[in-house]
Each structure stands twice: as C-alpha cells, then as structure tokens.
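Asks: So that we are looking at the same thing, I have put the structure below in structure tokens.
Any read-out appearing in this document is the output of simple, stated calculations on the displayed coordinates, not a laboratory observation. Just so it is clear, the structure is predicted and the values come from calculations on it, not from any experiment. Here the Cβ positions follow ideal geometry from the backbone for every residue, glycine too, while neighbour counts run over all protein chains shown.
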Amino acid sequence: MSSAPRPVIIKGTGSYTPQKVLTNNDLSDIVDTSDEWIFTRTGIRERRIAGDDETASTMGAEAGKRAIENAGLNADDIDVIVVGTMTPDMPFPSTACLVQTKLGISNAISFDVEAACSGFLYIMEVASGLLQTGRYRNALVIGTEKLSSILDWQDRTTCVLFGDGAGAAVLSLGEEGCKSGILDFKLGSDGSKADVLLQPGGGCAIPASLASIENRQHFLKMRGREVFKLAVKVMGQAAVEILEQNGVEPDQLNCVIPHQANMRIIESLSSRLHIPIERFFLNLDKYGNTSAASIPIALDEAVRAGRLKSGDTILLVAFGAGLTWGSTLLRW
Ligand code: UT7
C-alpha cells in the first residue's frame, strides 16, 4: 500500500529590508503629492530604499542567510535556490546564482522565476514540486526586489507605491504523517492583460538605446485604476477557490497574509471573505509594495511576532503583473 506523500513544510523564514526610510512627507519634496493622499488611497506611510551598494542579490542573500539560520541548517544543506524577482541584478546570470555564491552554497541548482508580485507563491509551488521528486532535500526560496531602480521618480502615480526588500523561506519535506505544511496551491495567469503593468524597455523588444531612455521606457508603467479593479477580482477569486477546493470555511482561517499593495484592495478581500481585518497580517504602512518580497517579508515578521501558532490555518494570496495571481493554504 503506498503511503500519503510527505508534505512540504516551511522550516525557516528570514527577511531583510534596507535601512533608508523614505516617508510620504519626503516624497512630497520630490513629486506633487502628500502624506494625506498616499495614506488614504493606499495605507502606505513609508517605504525602504536600497543603498547604491545593495541589489536584489545582496538583499536576497541576507534574507536567505537568516532563513537558513532560522531553519537550523547550514549552507551545505541547501540544494535548490529559486529566486522570484522582477528587478534582477542583471538579465543574466540569474540572481539565484549570485545569491548562491554570496551564501557559499556549493551544491545546488539555482534559477529565477519571474511572476512579478505573485512571484513568491510561484516559487513556493515550483520548489515544492522539486522537493517532491525526492531528488532534493532543502529548497531556499527568496522574493527580492530593488523596485526603486525601475521607478520613475517624476511619476507620482507610481513612485509613491513601491519599496525595496527581500524575504525568504527554507522548504523541506516533513516527516511522514506530519500534520503541518503546505496544503495546496492555486496559481493563475492572464497574459492578455500584460499592458496594464509593465516595464517596456530593457528586454529584447526594446533594448537600451538613447531613444528608449529619452522615452522613459526603462521605468515601471501602470494603469492604476485598471490594476486596482483586476486585483480586487482575482485576489478574491484565488482566495475563495482554494478555500472551497480544500473544504475550509473562511472563518477557520487564523491568519491571512496578502500581497501588500493597497489597503483598499485588502479591505475588499476582507469583506468578500467575511473575515475581520484584524486576522490579516499587514506591514504595508512600513514598506509599501515590495512585489515578490512582500509576502515573504510579512510571513517572516508574522513568525517572529508570534502571530502563527502550531496547527493554525493560514492563507497567502497575491496578484501582480502578467497578470499573475495565486493563493497558498498552509497548516502551521
Ligand atoms: O502589485 C500590483 C501593483 N499595483 C497596484 O496594486 C495598484 C493598484 N491601484 C491602486 O492602488 C490605485 O489605483 C492607486 C493608488 C494607484 C490610485 O488610486 P485611485 O483612487 O485609483 O486614484 P486615481 O488614479 O483615480 O487618481 C485620482 C486623482 C487623479 O487626479 P484627478 O485626475 O482626479 O485630478 C490623479 O492625478 O489623484 C491624482 N493622483 C495623485 N495625487 C496626489 C495620482 N497619484 C497621486 C499622488 N498624489 N501620488
């Protein structure tokens, strides 16, 4: 008789955010905006900005190091590194390979996955699949972003929303019969909406040229209102579908960790699920939207704040450029 597959568990978490704080008031010196506008429309008060010497790989390596320590493991124990980022250090080699050498990990496969703000849930599913082949022991998954490097600091509709940082987790196979671990994933994408949120320049379609720079094509572009409506719809669906699929009532959730993009989007999810906002873990006010880093930073802060107790049922839910979206159900 074949036994049930061993569940994938989160063995450790870690995060890193840069020291430099940029407040809404600081931003009002750069563009025509105000703390009042930003806070009431988004829930953001401040964000972190990486130093010139900090990149997706340096921040990701620091978050990864903390996750490995938290898991009680050593660099040698890691045999898979998957990085989710839309601001890699460079087009190639992958940021994961750069993280690998920074952490002195000699025996691992390392690669990046690009799924924008849904990146962390995508890399969790990819890494879980690899672990379940039985060929790997421990996977380090890292969401890391230096969004300040692609923001147009003359565009008040986007530059006030984003920040820099990294979050990581070590995933491993739990013991047979183990009750905690990842219960399910529900990921999705819709490339027909690629044009609502993108960085048009810098790839092979529009390589860097004097014209691409003059046309500001290397910056993030977003049609905010459209993204807002899509986000409300797809995050709600991703959450409802995974709960239904697993026979979990919203009220049974002990904690929801959403992608931290906009408080009004999170409030709409809270009312759709009929779960009080107090059950959501939020740090949007401190960091803004850090894309693929947002869920793992929040997860690490929730762990370290003692918000997640053994046996808790936890929902992670994200959306982002692509469009991409996803939800993950966990038993802590
Ligand atoms: O991970 C996915 C990332 N993206 C998102 O999550 C973004 C989703 N979208 C949003 O969060 C919201 O659409 C925004 C926060 C971006 C904008 O909020 P909104 O309530 O949709 O505002 P709006 O775009 O409808 O703009 C309202 C007004 C406009 O002025 P007029 O045309 O009414 O005179 C904007 O020009 O607010 C103006 N505005 C600003 N004013 C002060 C836009 N940005 C700013 C600003 N400061 N930073």
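Asks: How far, in nm, would the chain grow between residue 251 and residue 285 when pulled straight, counting 0.36 nm per residue and subtracting the alpha carbon separation?
Replies: Length gained between residue 251 and residue 285: 9.7 nm.
Asks: Could you tell me what percent of the DSSP beta bridges with both partners in the chain are antiparallel, to the nearest 5? The partial results should precede the final answer.
Replies: Values: 39 of 55 bridges.
That works out to approximately 70 percent antiparallel.
Asks: Let me ask you something else. Between their Cα atoms, which of 65/286; 20/229; 193/309 are more than 29 Å away from each other?
Replies: Over 29 Å apart, Cα to Cα: 20/229; 193/309.
Asks: Right, next: What range in the chain is the longest one free of trypsin sites (Lys or Arg not before Pro) that are in a loop by DSSP and have at most 15 other Cβ atoms within 10 angstrom?
Replies: 1-134
Asks: Comparing 278, 214, 244, which has the greatest mean-square fluctuation in the GNM of the chain with Cα pairs linked when under 10 Å apart?
Replies: It is 214.
Asks: Springs between alpha-carbon pairs under 10 angstrom, Gaussian network model over the chain: which of 14, 224, 203 fluctuates most?
Replies: Highest fluctuation among the options: 203.
Asks: Next up: Given points 7 Å out from each Cα along the Cα-Cβ axis, report the residue 152 to residue 102 separation in nanometres with one decimal.
Replies: Going by the 7 Å Cα→Cβ label model, 2.9 nm.
Asks: Between the alpha-carbon centers of segment 24-48 and segment 206-271, tell me the distance in whole angstrom.
Replies: Segment 24-48 and segment 206-271 have Cα centres spaced 20 Å from each other.
Asks: Points 7 angstrom from Cα along the Cβ direction at residue 19 and residue 180: gap in nanometres?
Replies: 3.4
Asks: Considering only DSSP beta bridges where both residues belong to segment 8-173, give the percentage that are antiparallel (nearest 5).
Replies: Around 70 percent of the beta bridges assigned by DSSP in segment 8-173 are antiparallel ones.
Asks: Calculated FRET efficiency, residue 111 and residue 133, Cβ-Cβ r, R0 22 Å, to nearest 0.05? Present the calculation step by step, with values, prior to reporting the outcome.
Replies: On the way: r = 15 Å, r/R0 = 0.70.
Given R0 = 22 Å and the Cβ-Cβ separation, E is 0.90.
Asks: Further question: Whole angstrom only: what separates the Cα centroid of segment 144-163 from the Cα centroid of segment 95-116?
Replies: Cα centres, segment 144-163 to segment 95-116: 25 Å.
Asks: Taking 0.36 nm per residue of sequence separation and subtracting the Cα-Cα distance, how much length would be gained by fully extending the chain between residue 52 and residue 240, in nm to one decimal?
Replies: Length gained, residue 52 through residue 240: 63.5 nm.
Asks: Also: May I ask you to compute the full-extension gain from residue 267 to residue 34, defined as 0.36 nm times their residue separation minus their alpha-carbon distance, rounded to one decimal in nm?
Replies: Answer, rounded to one decimal: 81.7 nm.
Asks: Please give the helix 294-304 orientation as an angle from the longest Cα principal axis of the chain, in degrees from 0 to 90, rounded to the nearest 10.
Replies: So the inclination is approximately 50 degrees.
Asks: Hey, fewest Cβ within 10 Å first, where do 190, 79, 184, 53 land in order?
Replies: 53, 190, 184, 79
Asks: For residue 186, which aspartates and glutamates qualify as cross-link partners when the Cα separation must be under 13 Å and same-chain residues fewer than eight apart are set aside?
Replies: The reachable aspartates and glutamates, counting only those whose Cα sits under 13 Å from residue 186, are 125, 241, 244.
Asks: Return a whole-number percent for the relative contact order of the chain, with Cα pairs under 8 Å and 6 or more residues apart as the contact set.
Replies: 25
Asks: Based only on other Cβ atoms within 10 Å, what is the fewest-to-most ordering of 21, 83?
Replies: 21, 83
Asks: So what's the angle, to the nearest 10 degrees on a 0 to 90 scale, between helix 263-273 and the longest Cα principal axis of the chain?
Replies: Helix 263-273 and the main axis of the chain meet at about 40 degrees.
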